[in-house]
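Report on one structure; see the data block that follows.
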Amino acid sequence: MKSKARIVAGLLLAAVAFVAALLPNLSVAYAEDTTGLQINALSIEDASTHAQVADLLAGQTPALKAGVTYALNVGYTIPASLQFSPTYLNVRFGDGLYVTGLPGATFTVGGISNTSFSNLVTTPTGTGTLPYGYPGASSEKNRSGDLVYMTNNGLTQVSSRGEIQFKLDDAVENQSASQVIANAIRVSLSTAATQNIDPHTSSVTAADAMTYGFWADQSTEVLSKGGTTSTLQVSTTGSKVLTEANSKTTVQVVYPSDMELVGVNETSLYNTAGTIVSTTDDGTNKTATVEWNEPGSYAGTPTFKPQIKVPASSTRPNNSTFNVTIKNLTMSVWNDTPNVNRTSANASSTLT
């Protein structure tokens, strides 16, 4: 029995020694060397003219406009040690940008051809961080968020030009031509074992000056003394916008000092009369500021119906006229930097 015990113990010691001898080799095999896997070109161009908008590797910030299709051009090197191992390109388009075209001309996860990539691993399906359920799941503007491609096996240099296309969503834009959308684009590389290799993040400038205009739907109305306007109506022109929750939408009404502002009805968004929060009088005209509570929404443009009363005791002669002006519309924009919102700027509409 003693002899057998010694033999078993000896075998166990030999096995432990053998495993210990293997451990250094196993450790070296697992420690992946990603040196040389790096991005060497990263830029944005106008997808139609191919004019370069910004070199992101050089630290330039792209100035983008709604309605224009842009391309994200990416180049990266793969070291010989990883040439036949899985490598991936990772792109994230943040709030305010959405993808319109991809390599292989497909948004469907799976194999693709005629490009430097073999597979679309993750397709953009939204960031999930925009408010009010915007955009809808089936909307083209919901194609933001994460995008992952597997590189074709055997490549040491990858270049994707004009394939990854995107647009700026004007729903997040305010009236500043220098509005900053932070961390809008993020690009990195990865392998099966190592994530976030050579990451690059860029903000973008939303270069549109988004303001509102006015359109007089009904610009004239005839009143008797003691009467109140009921058909005067002004619409607003401009694109839809994500508004700030619990903010105020305001507009100003200018009318003669001898008239009375009964109220202002809004008939497109709020469908209610606004609250007159202040009135000033310069001796010739009164200027009233009227506001509505904005709950936060993907909002279109308001329509205003001012109710101006001519006092029964008015000394104005019959057939005389007076003007009513709508101006200084302001709507608050969700999460905008700088926080300047959208206004009607110098636009106004005068009714008679």
*Tell me, which residue of segment 192-222 that is of a type in the set (S, T, N, Q), touching a residue at least 60 places away in the same chain (Cβ under 8 Å) and within 20 Å of GLY96 (Cβ to Cβ) is surrounded by the fewest Cβ atoms within 10 Å (Cβ to Cβ)?*
SER203
*Tell me which residues, restricted to segment 223-241, are at positive phi and surrounded by fewer than 15 Cβ atoms within 10 Å (Cβ to Cβ).*
GLY226
*Within the set of pairs 6 or more residues apart or between chains, which connect a residue that is of a type outside the set (Ser, Thr, Tyr) inside segment 238-251 to a residue that is assigned to a loop (DSSP other than H, G, I, E, B) and buried (at least 19 other Cβ atoms within 10 Å of the Cβ) with Cβ atoms less than 6 Å apart?*
GLY238/TYR212; GLY238/THR301; LEU242/TRP334; GLU244/SER332; GLU244/TRP334
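Working carefully through the options THR191, THR201, THR231, THR220, find the one that is more than 29 Å from the chain's Cα centre (by Cα) and in the same structural domain as LEU64 (by TED's automatic domain parsing).
Details: THR201 fails: more than 29 Å from the chain's Cα centre (by Cα); THR231 fails: in the same structural domain as LEU64 (by TED's automatic domain parsing); THR220 fails: in the same structural domain as LEU64 (by TED's automatic domain parsing).
One residue alone meets the criteria, THR191.
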_Counted residues, segment 49-89 - those being under 20 Å from the mean Cα position of the chain (by Cα) and assigned to a helix (DSSP H, G or I)_ = 1
*Kindly state which strands (runs of 3 or more DSSP E) lie completely within segment 96-165 and contain at least 3 residues that are over 24 Å from THR194 (Cα atoms).*
97-101
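For segment 180-197, state whether one or more residues are among the charged types (D, E, K, R) and closer than 30 Å to ALA345 by Cβ. So that I can check it myself, show each step before the final result.
Taking segment 180-197 and keeping what is among the charged types (D, E, K, R), we get 186.
From the residues that got through so far, the ones that are closer than 30 Å to ALA345 by Cβ too are none.
No, every residue in segment 180-197 fails to be among the charged types (D, E, K, R) and closer than 30 Å to ALA345 by Cβ.
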*Which of the residues belonging to segment 298-307 are surrounded by 17 or more Cβ atoms within 10 Å (Cβ to Cβ) and either more than 22 Å from GLU221 (Cα to Cα) or in contact with a His (Cβ under 7 Å, 6 or more places away or on another chain) (or both)?*
TYR298, ALA299, THR301
*Please go through segment 268-297 and pick out each residue that is surrounded by 15 or more Cβ atoms within 10 Å (Cβ to Cβ), more than 22 Å from TRP334 (Cβ to Cβ) and not hydroxyl-bearing (Ser, Thr, Tyr).*
ALA273, ILE276, ASN285, LYS286, ALA288, VAL290
*Identify, by number, the condition in (1) on the phi < 0 side of the Ramachandran plot; (2) aliphatic (A, V, I, L, M); (3) under 37 Å from the mean Cα position of the chain (by Cα) that ALA345 doesn't meet.*
(1)
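Rundown of residues vs (1) of a type in the set (A, V, I, L, M, F, W, C); (2) closer than 25 Å to GLY238 by Cα, yes/no style:
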position	(1), (2)
GLU163	no, no
ILE181	yes, yes
SER190	no, no
ALA206	yes, yes
THR220	no, yes
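A quick yes/no check of all residues on (1) touching a Leu at 6+ places or on another chain (Cβ under 9 Å); (2) closer than 22 Å to LEU82 by Cβ:
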{"site": "THR106", "(1), (2)": "yes, no"}
{"site": "SER116", "(1), (2)": "yes, yes"}
{"site": "LEU130", "(1), (2)": "yes, no"}
{"site": "GLY133", "(1), (2)": "no, no"}
{"site": "GLY154", "(1), (2)": "no, yes"}
{"site": "VAL158", "(1), (2)": "yes, yes"}
*Single condition ASP95 does not satisfy, out of (1) closer than 29 Å to PRO295 by Cβ; (2) of a type outside the set (A, V, I, L, M); (3) in contact with a strand residue (DSSP E or B) (Cβ under 6 Å, 6 or more places away or on another chain)*: (3)
*Might you let me know whether segment 94-103 holds any residue that is in contact with a helix residue (DSSP H, G or I) (Cβ under 6 Å, 6 or more places away or on another chain), aliphatic (A, V, I, L, M) and at pLDDT 95 or above?*
no
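The values are calculated or read from the model by the stated rules, or taken from the named source; none is laboratory data. For clarity, every value in this text was computed on a predicted model and none was experimentally measured. Positions of Cβ are generated from backbone atoms using ideal geometry, with glycine treated the same way; all protein chains shown enter the neighbour counts.
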